[in-house]
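Accompanying notes for the structure given below.
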Amino acid sequence: MGRMYVGVFEQVSVSAIQDLFELNAPADAAVIVHRILITQSAGETSEQLPILIHRASTSGSGGTTPTASPLEVGSPAFGGTVEANNTSQGTEGTFIHAEGFNVLNGFDFHPTPECRPVISPSGRLVVELQAAPAAALTMNGIILFEEVGG
């Protein structure tokens, strides 16, 4: 087993289509995605939104670069990068998962071990919100992943 990390964004106002997460693997290690959780904390209206997980060939911009935190004290810093809430999106690549989710229930992608997406060294995985919410939502998100090698 490799080293486990989590990338987080919290209390972000989301009112447009965007890449909620972009996970970029380091050049010398693969990354395995264990879980993606997206919730909102202010909206009270039921609304279905489409979400897409895909590999991307180019990076997005316009968001933030949260520091990936190791889950084990003493682990080294993650060798890649995590980006959040990029409003200028990267180029869509191979689709991995597509789903509609209700904002009141949140989105919880928690695949079985044999179905976890693996990002090759220097590869990139994106979690894309494909439609703008009817009204701005205050959203939170986590992406839990493992760095293998490096």
Exercise. Of the residues 114, 128, 99, which single one is free of Cβ contacts under 8 Å to residues at least 40 places away in the same chain, out of contact with any Gly (no Cβ under 7 Å at 6 or more places or on another chain) and either surrounded by fewer than 14 Cβ atoms within 10 Å (Cβ to Cβ) or outside any loop (DSSP other than H, G, I, E, B) (or both)?
Worked result: 114
For this session: Examine the stretch 43-63 for a residue that is at negative phi, under 13 Å from the mean Cα position of the chain (by Cα), crowded, with 18+ Cβ neighbours inside 10 Å and not in a strand (DSSP E or B), and state whether such a residue exists.
Result: yes
Exercise. Give me the pairs: first residue in the stretch 11-36 and small (Gly, Ala, Ser), second residue surrounded by fewer than 18 Cβ atoms within 10 Å (Cβ to Cβ) and part of a strand (DSSP E or B), beta-carbon distance under 7 Å, and six or more apart or on different chains, which are they?
Worked result: 13/138; 29/148; 29/149; 30/118; 30/148; 30/149
For this session: Being in a loop (DSSP other than H, G, I, E, B) and surrounded by 14 or more Cβ atoms within 10 Å (Cβ to Cβ) narrows it down to one of 74, 93, 79, 7, so name that one.
Result: 79
For this session: Please list, ordered by first then second residue, the pairs with beta carbon atoms under 7 Å, 6 or more apart or interchain, first in the stretch 131-150 and touching a residue at least 40 places away in the same chain (Cβ under 8 Å), second acidic (Asp, Glu) and outside any loop (DSSP other than H, G, I, E, B).
Result: 140/10
Exercise. In the stretch 27-42, which residues are more than 16 Å from the chain's Cα centre (by Cα), modelled with pLDDT of 95 or more and not hydrophobic (A, V, I, L, M, F, W, C)?
Worked result: 28
Exercise. Here is a list of conditions, (1) assigned to a loop (DSSP other than H, G, I, E, B); (2) without any contact (Cβ under 8 Å) to a residue 40 or more places away in the chain; (3) over 24 Å from residue 134 (Cβ atoms), and residue 105 meets all of them except one; can you say which number that is?
Worked result: (3)
Exercise. Only one of (1) modelled with pLDDT of 95 or more; (2) farther than 21 Å from residue 147 by Cα fails for residue 60. Which number is that?
Worked result: (1)
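The values are calculated or read from the model by the stated rules, or taken from the named source; none is laboratory data. Keep in mind the model is a prediction, meaning the values are calculated, not measured. Here the Cβ is made from the backbone with ideal geometry for all residues, glycine too, and neighbour counts use every protein chain on show.
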